[in-house]
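Have a look at the structure below before the remarks.
Taken together, the values in this text are just the output of simple stated rules run on the coordinates, not laboratory data. Just so it is clear, the structure is predicted and the values come from calculations on it, not from any experiment. Every residue, glycine as well, gets a Cβ built from its backbone with ideal geometry; the counts of neighbours run over all protein chains shown.
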Amino acid sequence: MNGFRLALIQLAAGGDKAANMQAARRRVAEAVKFGAKVVALPECFNSPYGTQYFASYAEAIPGESIGTLAELAKENGIYLIGGSIPEKDGDALYNTSTVFNPSGQMIAKHRKVHLFDIDIPGKIKFQESDVLQCGTSLTTFDIGSCKVGIGICYDLRFAEMAQAYASLGCNFIIYPGAFNMTTGPKHWELLLRARAVDNQVQYYICLCCSMNKVHGCVSSCGSECYQVFETVPVIQVRV
């Protein structure tokens with residue numbers, strides 16, 4: 001595979017996990033109709049993004065949501081980057097991304113390394129570390145001749161992580177994300193450009209899940225820092 005069409009899916013995840021999964025299924029099918037061979041979902045696509053929800057929505061891996069992702073990859077013959085879900089492993093909770101090949105096999109699993117803790121008086125306070133444990137490793141996988149590194153949202157903020165991926169030979173790094181509307185518009189594009197310039201890696205793609213404040217979650221920006229609609233951007237990647 002010398003090139004592939006990549007679809008970046010935005011979803012407004014709500015409190016109904018089954019509905020969230022159905023929305024993901026619809027958008028994956030839509031992306032495939034546009035010729036996408038690689039499809040990526042956003043951070044916490046199956047649940048509200050809020051520390052008060054992680055425990056109740058968390059699943060073991062493999063589990064129900066992971067089984068659905070495997071089916072979607074196999075049914076559509078695509079590589080599927082499963083955004084992230086709250087993962088339960090024993091007594092610990094993680095923010096975890098999984099990746100599947102066109103045969104439906106899980107080929108990568110990445111736990112968010114840098115947890116998002118922020119306190120801006122009068123604007124936003126959010127502490128992932130109150131609930132989640134951090135991952136401790138880098139994660140890569142191959143799509144044909146393209147070596148891919150994966151991070152989750154706030155991982156993008158740390159140049160050293162991208163540098164490590166570049167040193168491993170990655171020419172594509174993807175960050176499923178859910179940037180908030182306080183720091184997101186200021187940092188989103190800036191950080192993407194910085195990571196690309198820092199490392200001269202071919203592609204840095206960041207995704208975002210738009211959240212509904214009704215669920216007490218972080219309200220987040222879209223792929224252009226301001227979009228909050230369900231969308232399926234499709235781009236051509238050449239490697």
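Some points to look at:
- Dipole axis of the range 4-77 (+1 Lys, Arg; -1 Asp, Glu on Cβ), positive-most option in Gly77, Gly67, Cys44: Gly77
- DSSP-defined antiparallel bridges as percent of all bridges, the range 1-93, nearest 5: 20 percent
- Over 24 Å (Cα to Cα) - which of Lys109/Lys147; Lys37/Lys147; Lys88/Lys109; Lys37/Lys109; Lys33/Lys74; Lys33/Lys109 fall in this group: Lys33/Lys109
- Hydrodynamic radius of the range 79-175 per Kirkwood, over alpha carbon pairs, in Å: 14.4 Å
- Just so you know, the Rg over Rh for the range 1-159 is 0.97, from Cα atoms, with Rh as the Kirkwood radius.
- Counted by Cβ distance under 10 Å from Lys17, the other residues give a net charge of -3, where Lys and Arg count +1 and Asp and Glu count -1.
- Binned Cα-Cα distance frequencies in the range 48-104 - 10 Å width, integer %: 25, 48, 23, 4
- Distance between the C-alpha centres of the range 139-163 and the range 1-66: 19 Å, rounded to the whole angstrom.
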